[in-house]
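Only one structure is covered here, and it is reproduced in the block below.
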Amino acid sequence: MRLTVLGGCGAWPTATQACSGYLVEYAGFRLLVDPGYATFPRLLLHTTADAVDAVLVSHGHPDHCADLNPLLRARGLSDSPPPALPVFAPHGAVDAVLALDKPTGDTGPSDDIPRLAEGADLFLSEATYVHRVPSATDAPYLLTARLAGRYARQAGIARLLLTHLWPGTDPSEAVKAAAEAFVRPVGVATADLVIGL
């Protein structure tokens, strides 16, 4: 049996330490215990989301269960979702975490977007997909990098920064798609990027 500590901070994570979270492995079985704030990225350093076999939550404080949400999203939104994940928790302990996902979108196409961004020095735009939203159900609620570029051109902004890219998206492909319509500087939001305005 092996225990891997994903974090041990109480209450909230720090810049260098996730909250409570532990990966227990035995005979090929992976049990995630208390996936608190910021533990999911740490988990991904050791295994994939679909390789987790079960989750145990000791209680409902978010520093012990908040990252159950990104784990479930990574599994459920993958191209080949794995089987349902058994989650063991006290009654009601993870209700708030499970209620986070509602059928709402991030931006969605709208003629109001260029008007709202008009003349901005920097347009920070959602660009979940590169060229098209693959699901007709999601199309009214998400933008593409290509459409963000078109909106940036229409708004006459100085710079475009794409954000909210789907995990695994090649940032250079998103920039290229936006640049089809927008000839000014285009970038992608990444951790620790600083832009003077």
Checklist entry - Failed condition for THR128, given (1) under 16 Å from the mean Cα position of the chain (by Cα); (2) loosely packed, with under 15 Cβ neighbours inside 10 Å; (3) not assigned by TED's automatic domain parsing to the domain that holds TYR26, with all others met? => result (2)
Next on the checklist: of a type outside the set (Asp, Glu), outside any strand (DSSP E or B) and crowded, with 16+ Cβ neighbours inside 10 Å: is that true of ALA191 in this structure?
Outcome noted: no
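Can you confirm whether ARG184 is in a loop (DSSP other than H, G, I, E, B) and touching a Lys or Arg at 6+ places or on another chain (Cβ under 9 Å)?
Values: in a loop (DSSP other than H, G, I, E, B): yes; touching a Lys or Arg at 6+ places or on another chain (Cβ under 9 Å): yes.
Taking the combined requirement at face value, the residue satisfies it.
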Next on the checklist: Considering only residues that are closer than 18 Å to GLY60 by Cβ and either free of Cβ contacts under 8 Å to residues at least 24 places away in the same chain or not in a loop (DSSP other than H, G, I, E, B) (or both), which ones fall in segment 70-92?
Outcome noted: PRO70, LEU71, LEU72, VAL87, PHE88, HIS91
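What are the residues in segment 56-69 that are small (Gly, Ala, Ser) and crowded, with 21+ Cβ neighbours inside 10 Å, if any? I'd like the intermediate steps shown before the answer.
So the first thing to find is which residues in segment 56-69 are small (Gly, Ala, Ser), and the list is 58, 60, 66.
The one that is small (Gly, Ala, Ser) and crowded, with 21+ Cβ neighbours inside 10 Å: ALA66.
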Checklist entry - How many residues are under 19 Å from SER20 (Cα atoms) and in contact with a His (Cβ under 9 Å, 6 or more places away or on another chain) if we restrict to segment 58-108? => result 5
Checklist entry - Is it the case that THR107 is closer than 30 Å to TYR129 by Cα and hydroxyl-bearing (Ser, Thr, Tyr)? => result yes
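The values are calculated or read from the model by the stated rules, or taken from the named source; none is laboratory data. None of these values were measured; they are calculated from a predicted model. Neighbour counts are summed over all protein chains in view; Cβ atoms, including those assigned to glycine, are modelled from backbone coordinates with ideal geometry.
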